[in-house]
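Below is one structure, written out as structure tokens; the observations come after it.
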Amino acid sequence: MKKIFEWFVSIAIALLLLFIVRTFLFLGYVVDGESMEPTFHNKDRLIVNKLVKSFGEFDNGDVIVFHANKNADYIKRVIGLPGDTVEMKNNKLYINGTKVNESYLKDNETTDDFSTRTIQGSKSDVIPNDEYLVLGDNRNNSRDSREIGFVHNKDIVGKVSLRYFPFDDIDINFNSDK
């Protein structure tokens with residue numbers, strides 16, 4: 001009987017720890033679609049760090065997962081932070097007037113011109129507090145801020161920290177050249 005009780009306690013503790021980790025720390029995520037190619041491919045398996053949302057802010061170039069609507073989570077790259085001005089002109093990205101190198105894009109990738117002001121729901125030239133401008137790395141095949149508007153901080157699940165599958169593509173660095 002003592003052995004059964006010990007097993008029960010061990011399993012209960014393991015389940016409690018699993019609940020805590022999944023709820024507050026990390027979450028598994030499977031990429032659905034091609035909007036983040038060439039960085040991520042359909043069916044890539046990732047670990048999303050939920051803790052970073054509580055203790056830090058996101059940076060330009062971070063890859064995040066967020067609730068796009070009640071039924072879907074999206075994975076996109078943070079391009080603009082609260083207070084930033086963003087402009088895409090002649091296939092070149094400018095953040096606060098400074099040209100940004102986007103080495104994560106395919107060589108032949110083109111992006112139509114846009115600015116912070118043209119984002120759906122925008123009332124200003126700057127990104128509002130607690131909101132982010134996000135774009136997919138596959139710009140011609142991505143539902144992102146150009147279509148859905150800014151992403152509010154409350155909708156962000158966390159930052160992608162690790163790709164663990166496929167095994168030959170294990171990686172931890174998805175940020176832009178900073």
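The values are calculated or read from the model by the stated rules, or taken from the named source; none is laboratory data. Fair warning: this is a prediction, and the values are worked out from it, not measured in the lab. Glycine gets a Cβ as well: all are built from the backbone with ideal geometry, and neighbour counts include every protein chain shown.
Before moving on, here are some points about what is shown:
- Condition check for residue 99: at pLDDT 95 or above, surrounded by fewer than 17 Cβ atoms within 10 Å (Cβ to Cβ), of a type outside the set (Gly, Ala, Ser) and closer than 16 Å to residue 115 by Cβ: yes
- Among the candidates 79, 47, residue that is under 23 Å from residue 170 (Cβ atoms) and either of a type outside the set (A, V, I, L, M) or touching a residue at least 60 places away in the same chain (Cβ under 8 Å) (or both): 47
- Qualifying residue in the stretch 21-37 (condition: modelled with pLDDT of 90 or more, within 22 Å of residue 129 (Cα to Cα) and small (Gly, Ala, Ser)): no
- Selection count where residues are of a type in the set (Ser, Thr, Tyr) and in contact with a Pro (Cβ under 8 Å, 6 or more places away or on another chain), scope the stretch 123-151: 1
- Boolean, residue 6 is crowded, with 17+ Cβ neighbours inside 10 Å and outside any strand (DSSP E or B): no
- Boolean, residue 164 is in a strand (DSSP E or B), closer than 26 Å to residue 47 by Cβ and modelled with pLDDT of 95 or more: no
- Between 125, 137, 144, 130, the distinction of being over 24 Å from residue 55 (Cα atoms), surrounded by fewer than 17 Cβ atoms within 10 Å (Cβ to Cβ) and in contact (Cβ under 8 Å) with a residue 40 or more places away in the chain belongs to 125 only.
- Flag if residue 118 is of a type in the set (S, T, N, Q) and either surrounded by 17 or more Cβ atoms within 10 Å (Cβ to Cβ) or more than 25 Å from residue 67 (Cα to Cα) (or both): no
- Hey, residue 48 closer than 14 Å to residue 136 by Cα, in a strand (DSSP E or B) and of a type in the set (A, V, I, L, M) or not: no
- Any hit, the stretch 80-102, residues being assigned to a strand (DSSP E or B), under 13 Å from the mean Cα position of the chain (by Cα) and under 28 Å from residue 47 (Cβ atoms): yes
- Subset of the stretch 82-104 [in contact (Cβ under 8 Å) with a residue 60 or more places away in the chain and either closer than 20 Å to residue 130 by Cα or aliphatic (A, V, I, L, M) (or both)]: 100
- Residues in the stretch 144-162 that are closer than 22 Å to residue 103 by Cα and more than 13 Å from the chain's Cα centre (by Cα): 146 only.
- Restricted to the stretch 51-79, and to residues there that are more than 17 Å from residue 139 (Cβ to Cβ) and in contact with a Leu (Cβ under 9 Å, 6 or more places away or on another chain), the residue that is modelled with the lowest pLDDT is 57.
- Residue in the stretch 68-79 that is surrounded by the most Cβ atoms within 10 Å (Cβ to Cβ), counting only those that are part of a strand (DSSP E or B) and not hydroxyl-bearing (Ser, Thr, Tyr): 75
- Positions within the stretch 29-45 being among the charged types (D, E, K, R), at negative phi and in a loop (DSSP other than H, G, I, E, B), in sequence order: 32, 34, 37, 44
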